[in-house]
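The values are calculated or read from the model by the stated rules, or taken from the named source; none is laboratory data. Worth saying up front: this structure is predicted, and the values here are computed from it rather than measured. Note that each Cβ is placed from the backbone with ideal geometry, even for glycine, and that neighbours are counted across all protein chains shown. Quick note on the areas: whole protein, heavy atoms, side chains included, nothing else; ligands and nucleic acids left out. Shrake-Rupley method; radii C 1.70, N 1.55, O 1.52, S 1.80 Å.
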Amino acid sequence: MIAVVDYGMGNLHSVAKALEHVAAGQTVSVTSDPAVIAQAQRVVFPGQGAAPDCMRAIDAHGLREAIQAAAETKPFLGICMGLQVLFAHSAEGNTACLGLFAGDVQHFGTELHDGAGERLKVPHMGWNNVRQTAAHALWDGIPDGERFYFVHSYFVVPEDRSIVAGETDYPTPFTCAVARDNRFAVQFHPEKSAAAGLRLLQNFVTWQP
Amino acid sequence: MGLAKRIIPCMDVTAGRVVKGVQFLNLRDAGDPVEIARRYDEQGADELTFLDITATSDNRDLILHIIDAVASQVFIPLTVGGGVRVPDDVRRLLNAGADKVSINTAAVFNPQVVKDAADRFGSQCIVVAIDAKQTVWGAAPKWEIFTHGGRKPTGIDAVEWAQKMQALGAGEILLTSMDRDGAKSGFDLNLTRAVSDAVNIPVIASGGVGNLQHLADGVQKGGADAVLAASIFHFGEYTVRQAKEIMQDRGIEVRL
């Protein structure tokens, strides 16, 4: 069984539908029950919205320990806010996060411009290229530089560069994927990234870290 | 390399079918929403937008079933609009599988709904749709918000309104020129440029696309982050892929 952690932040139906599409024969359970998360073989940790709200919702649902335990012990995929709150601290609302990775989460700023001088909007919204900076089972079958769908205004800055698995430019490079042991987490939305995203999810549901 | 400009086919839906008319008149049947959504996905559409143009509240649930069916088969972002009045309408659409919800008239009559919905569900899923008509020409042009399919003026300045919607938490602006809607003469590029330069959130240009060069103009001249079109794709005149090839030829970053 694959658990999709539901703490009331954002659209989990897309994640569940995409997992059901690629995980033939496996049950996908959208759950806020720590016991179900503890029983799951794999855990997907999505999330949208603002960091302070996410952290409050995690604690309000009593999920902090279950998420930490899953991230320590079984194949674990963080998506979007589910990447950001794995870090120690977010500049969004000056929020203490889960601290499973050292580093913090920063805002893009409001005065970004591309090479032609055209303003780059925030949120960073749409399809951008992902450079695979480290080989990983979750990149299997996905061309380096493939586009994935993003929507976010903050990005993670890991202290330990060895966990960086992917980078994207907006306009300067930022970390869009991290990996260590049984953990993989991405800033983009694989569930909304067409064939490449489905391939990443398919890689996750068969991954043996 | 870099963030791609998006092409978003738009489907007007009523009674379970995709339809197309000019300013809500002379509706033509364009087919089954799930089938059309799949076709656009295969052609490389970056997102899909559905507008529920059902006039009465009788058949509101129908759109939820359509979105549920599309979201089970098409794995790109889906935006749904039409008849969204309160945050619970947003919740129902998100639960059915929408990724973003577009708020139009309700925002004009009650701007607080934008703030409430953004606070509750996050700015990333709140699109504010602005229907504007030009009311002042010359060196300092102005555009005004119109409701009811472009029939009722509101006295609200479109550029100022876009800024206000951003401040209330909108994550994106869907900007339609009611002057150009259905006219096939291209986007209102001055309007698009004025709004895009006035806000820091992405702007989707809409209304008036008649050929593929118009889409590229919306990005290069209008400063749009995404372009939305309906009829040029529905009746097989052009594919999304052809549109992207034209944009790429003109030096625009696209996902091919």
Check your understanding: Per-residue ellipticity at 222 nm for the protein assembly as shown, helices alone: DSSP H runs ≥ 4 residues times -39500 (n - 2.57), over residue total, nearest 500 deg cm²/dmol?
Key -> -9000 deg cm²/dmol
Review point. Which percentage, to the nearest 5, of the DSSP beta bridges contained in the protein assembly as shown is antiparallel?
Key: 45
Check your understanding: Where in segment A:65-103 does the amide nitrogen come within less than 19 Å of the point 7 Å from the Cα of A:GLN41, taken along Cα to Cβ?
Key -> A:70-78
**Study point:** Under Karplus coefficients 6.51, -1.76 and 1.60, residue-wise ³J(HN,Hα) of segment B:213-218 in Hz, glycine/proline x
**Key:** 5, 4, 5, 5, 4, x
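Given a 1.4 Å probe and heavy atoms of the protein chains only, how would you sort B:PHE146, A:PHE87, largest accessible area at the top?
Descending accessible area places them as B:PHE146, A:PHE87.
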Practice item. Using R₀ = 60 Å, calculate the FRET efficiency as 1/(1 + (r/R₀)^6) where r is the Cβ-Cβ separation of B:ALA140 and A:ASP144; round to 0.05. Key: 0.75
Check your understanding: Per-residue HN-Hα couplings for segment B:67-84, Karplus 6.51 cos²θ - 1.76 cosθ + 1.60 at θ = phi - 60°, whole Hz, x for Gly and Pro?
Key -> 4, 4, 5, 5, 5, 7, 10, 10, 10, 10, x, 10, 10, 10, x, x, x, 7
Exercise for review: Considering Cα pairs under 8 angstrom that are at least six residues apart, work out the relative contact order of chain A and quote it in whole percent.
Suggested key: 20
**Study point:** In degrees, nearest ten, helix A:194-206 long axis to first principal axis of chain A (Cα)
**Key:** 40
Check your understanding: Taking the Cα-to-Cβ direction at B:GLU160 and at B:ASP88 and moving 7 Å from each Cα, how far apart do the two end points lie in nm?
Key -> 3.4
Exercise for review: Give me the distance in nm between label points sitting 7 Å out from Cα along the Cα-to-Cβ direction at A:GLN208 and B:GLU42, one decimal.
Suggested key: 3.6
Review point. Taking springs between alpha-carbon atoms closer than 10 angstrom, which of A:PHE174, A:PHE45, A:PHE76 fluctuates most in the Gaussian network model of chain A?
Key: A:PHE174
Practice item. Classify segment A:80-209 as rounded, prolate or oblate from the Cα gyration tensor: take a ≥ b ≥ c as the square roots of its eigenvalues, call it rounded if a/c is under 1.5, otherwise prolate when a/b beats b/c and oblate if not. Key: oblate
Practice item. Take every Cα pair under 8 Å in segment A:111-154 that's 6+ residues apart, average their separations, divide by the length, and report that relative contact order as a whole percent. Key: 43
Check your understanding: Under 16 Å from the Cα of B:LYS244, which lysines turn up, not counting those fewer than eight places away in the same chain?
Key -> B:LYS5
Check your understanding: A:ALA88 to A:GLU65: extension gain in nm, 0.36 nm per residue of separation minus the Cα-Cα distance?
Key -> 6.7 nm
Check your understanding: Any idea what the relative contact order of chain B is, in percent, if you count C-alpha pairs under 8 Å spaced at least 6 apart?
Key -> 18
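Rounded to the nearest 0.05, what FRET efficiency do A:HIS107 and A:ARG56 have when you use their Cβ-Cβ distance and R0 = 22 Å?
That gives a FRET efficiency of 0.65.
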Practice item. Just name one of A:PRO173, A:GLN132, A:PHE184: the one whose Cα is farthest towards the positive end of the charge dipole of segment A:110-209 (beta-carbon charges, Lys/Arg +1, Asp/Glu -1). Key: A:PHE184
Check your understanding: Considering only DSSP beta bridges with both partners in segment B:7-143, what is the antiparallel share in %, to the nearest 5?
Key -> 40
Revision key, fill the gap. Taking a ≥ b ≥ c as the square roots of the Cα gyration tensor eigenvalues, with a/c under 1.5 meaning rounded and otherwise prolate when a/b beats b/c or oblate if not, chain B comes out rounded
Revision key, fill the gap. Taking Cα atoms, the helix A:51-60 axis meets the longest principal axis of chain A at an angle in degrees (rounded to 10) of 10
**Study point:** Mean-position separation - Cα centroids, segment A:36-99 and segment A:101-122, in angstrom
**Key:** 24
Exercise for review: If a/c stays under 1.5 just call it rounded; otherwise compare a/b with b/c (prolate if a/b is bigger, oblate if not). Do that for the protein assembly as shown, with a ≥ b ≥ c from the square roots of the Cα gyration tensor eigenvalues.
Suggested key: prolate
Check your understanding: What distance in nm separates the simple spin-label points at A:ALA137 and A:ALA116, each placed 7 Å from Cα in the Cβ direction?
Key -> 4.3
Practice item. Quick one: angle between helix A:12-22 and the longest Cα principal axis of chain A, in degrees between 0 and 90, rounded to 10, please. Key: 70
Practice item. Please work out the Cα center distance from segment B:101-161 to segment B:208-223, rounded to the nearest Å. Key: 22
